[in-house]
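Chemist: Okay, here's the structure, questions in a sec.
The values are calculated or read from the model by the stated rules, or taken from the named source; none is laboratory data. Since this is a predicted model, take the numbers as computed values, not measurements. Backbone-built Cβ (ideal geometry, glycine too); neighbour counts: all protein chains shown. Ligands, DNA and RNA are stripped out before the accessible areas are found, and what is left, the full protein with its side chains, is counted by its heavy atoms. Shrake-Rupley method; radii C 1.70, N 1.55, O 1.52, S 1.80 Å.
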Amino acid sequence: DIEECFPWEVAALQAQHPDLLLVDVREPYEYAAMHLSGSLLVPRGVLESAVEYDYEETEPELVQARQRPVLLICRSGNRSVLAAKTLKLLGFERPISLKTGLRGWNDAELPLVDVAGVTVAPEAADAYFTPKLRPEQLAPKRRG
């Protein structure tokens with residue numbers, strides 16, 4: 001019940017809806033490394049208070065966006081779909097999750113920028129988005 005769009009569909013969505021709000025729901029350190037130019041950082045952990053006035057986390061542009069299309073962005077499309085569901089529950093008319101997230105965005109060779117606004121090389125983004133699992137994070141091997 002959540003609308004999703006692929007990275008290569010975003011330009012058309014922006015052309016159709018010039019008021020589209022881009023909201024990155026990753027953590028600040030992730031956003032600083034690379035993000036979509038023009039996106040607003042609202043970490044998933046503070047989303048509920050960011051959409052209401054009178055909180056330290058309040059983001060006025062997001063509070064006022066209940067009737068606007070809001071594209072939610074994360075690394076792989078998991079946090080963004082949960083954020084879209086949350087916004088829908090909070091009365092947002094058109095939350096949209098970026099399917100495949102920034103990993104898919106980079107795979108489609110679309111531009112990412114760092115905190116200084118400098119374009120991130122696709123190879124650097126590939127390295128950043130490659131999972132770096134520690135041995136204890138891997139599923140135990142089954143004996144068969």
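Chemist: Can you list the chymotrypsin sites (Phe, Trp or Tyr not before Pro) in region 1-106 that are in a DSSP coil and have 11 or fewer other beta carbons within 10 angstrom?
Modeler: TYR53
Chemist: Could you name the aspartates and glutamates in cross-link range of LYS88, using Cα to Cα under 15 Å and dropping any fewer than eight places away on the same chain?
Modeler: Filter leaves ASP1, GLU3, GLU4, GLU48, GLU52.
Chemist: Connecting C-alpha atoms closer than 10 Å in a GNM of the chain, tell me which of PRO95, PRO43, PRO18 has the biggest fluctuation.
Modeler: Highest fluctuation of the listed residues: PRO18.
Chemist: Counting only other residues whose beta carbon sits under 9 Å from that of PHE92, what net charge do I get with K and R as +1, D and E as -1?
Modeler: Around PHE92, the charge tally is +3.
Chemist: Moving on. Which of these, THR58, THR130, THR119, has the largest mean-square fluctuation under a Gaussian network model of the chain (Cα springs below 10 Å)?
Modeler: So, out of THR58, THR130, THR119, the one fluctuating most is THR130.
Chemist: Let me ask something else about it. Compute the longest continuous run of the chain that contains no exposed GluC sites (Glu not before Pro); treat a site as exposed when its DSSP state is not H, G, I, E or B and it has at most 11 other Cβ atoms within 10 Å.
Modeler: So the longest stretch without any such site is 1-55.
Chemist: Is it possible to state the helix-based mean residue ellipticity at 222 nm for the chain, with each DSSP H run of 4+ residues giving -39500 (n - 2.57), the sum divided by total residues, to the nearest 500 deg cm²/dmol? What is it?
Modeler: It comes out at -8000 deg cm²/dmol, rounded to the nearest 500.
Chemist: Separation between the GLN67 and ALA12 pseudo-spin-labels, each 7 Å from Cα along Cα→Cβ, expressed in nm?
Modeler: Taking the simple label geometry, GLN67 and ALA12 are separated by 2.7 nm.
Chemist: If the reach is capped at under 23 angstrom between alpha carbons, list the lysines near LYS132, excluding any in the same chain fewer than eight residues apart.
Modeler: Of all the lysines, those that pass the test against LYS132 - Cα under 23 Å, at least 8 places apart if same chain - are LYS99, LYS141.
Chemist: If a paramagnetic tag sat 7 Å from the Cα of GLU109 along the Cα-Cβ line, which residues of region 123-140 would have the backbone N under 14 Å from that point?
Modeler: What the label zone holds, given the 14 Å backbone N cut-off, is 123.
Chemist: With a 1.4 Å probe and every protein chain left in place, tell me how much accessible area LYS99 has, in Å² to the nearest 10.
Modeler: Roughly 70 Å² of LYS99 is accessible to a 1.4 Å probe.
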